[in-house]
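Structure first, commentary second.
The values are calculated or read from the model by the stated rules, or taken from the named source; none is laboratory data. Here the structure is a predicted model, which means the values were calculated and not measured. Every residue, glycine as well, gets a Cβ built from its backbone with ideal geometry; the counts of neighbours run over all protein chains shown.
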Amino acid sequence: MQDKNLTFNKVAKITLIFWVLKILATTLGEILGDFFSMSLNIGYTYSLLITLAFLIIVLLIQLKQERFHASIYWLVIVGTTTVGTEISDLMDRTLHLGYTLGSLILFLCLLLVLFIWYRNEKQIKVYPISERRVELYYWTAILVSNSLGTAFGDLLSDDLGLSYLTGAAITAGIIVLVVLLHYLTKLNEILLFWIAFIFTRPFGATFGDFLTKPIEKGGLNFSRGIAALVTAALMALLMFLSQRNSRNKQVAYG
């Protein structure tokens with residue numbers, strides 16, 4: 001018999017496929033963010049307004065759902081990664097705060113969101129979630145953490161001068177460390193989740209930069225349109241395979 005809390009759950013279960021989809025979503029968000037601000041050359045402020053409008057629309061659709069829908073959920077994730085890209089770029093290139101200060105500000109904002117979440121709910125959980133007020137905390141924390149991850153990734157590549165592959169290797173190393181801490185220690189799983197969530201953002205973002213940036217800057221110089229389509233197709237394929245596997249398990253167990 002299926003658990004009632006899981007029946008009305010509205011967010012993705014934390015599995016290996018979740019993290020792969022998260023990385024692809026961050027790659028797609030980075031590419032789309034750069035497409036609006038750079039390819040269309042409309043500036044970071046207008047790009048932020050456009051991507052924010054998209055995020056608000058898909059988030060409102062998500063909040064109205066009574067159970068988890070993979071396509072809607074991951075559209076919101078892509079929305080937060082795209083807006084996160086624009087927020088980071090706006091702070092650095094329009095407000096001239098720099099990625100170091102921007103990362104610090106966003107880190108403090110994330111701590112504040114998590115503190116308010118814990119103070120009001122007496123716990124922080126990322127699965128399952130069925131209450132709308134808890135879901136609002138969840139999405140706010142995700143938006144801020146994606147913005148922080150973007151700023152940190154840009155700090156590695158722009159301020160520290162690391163190549164995109166080197167930056168991806170560093171963030172991948174941190175992710176591997178988090179996985180080891182998860183399996184080998186008794187550290188708080190929620191803490192490890194948010195650390196991993198933050199650092200999968202620059203990992204996906206640096207991979208997106210690697211695909212689209214000029215060869216002389218360490219990239220492959222793919223067009224943002226092609227890179228976005230390939231990434232979106234991979235996400236769709238993974239979601240399809242995940243849902244089919246889930247249905248097969250339900251049939252097997254009755």
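A few points about this structure:
- Within the range 116-126, the set of residues being on the phi < 0 side of the Ramachandran plot and either free of Cβ contacts under 8 Å to residues at least 12 places away in the same chain or not aliphatic (A, V, I, L, M) (or both) comprises 117, 118, 119, 120, 121, 123, 125.
- Considered as a group, the residues in the range 218-228 that are in contact with a Phe, Trp or Tyr (Cβ under 8 Å, 6 or more places away or on another chain) and outside any loop (DSSP other than H, G, I, E, B) include one that is modelled with the highest pLDDT, and that residue is 228.
- The range 114-149, residues that are under 24 Å from residue 33 (Cα atoms) and either outside any helix (DSSP H, G or I) or of a type in the set (A, V, I, L, M, F, W, C) (or both): 136, 139, 141, 142, 143, 144, 148
- Residue 203 modelled with pLDDT of 90 or more and among the aromatic types (Phe, Trp, Tyr): no
- Residue 63 touching a Lys or Arg at 6+ places or on another chain (Cβ under 7 Å) and surrounded by fewer than 18 Cβ atoms within 10 Å (Cβ to Cβ): yes
- Condition met for residue 67 (outside any helix (DSSP H, G or I), modelled with pLDDT of 85 or more and of a type outside the set (Gly, Ala, Ser)): yes
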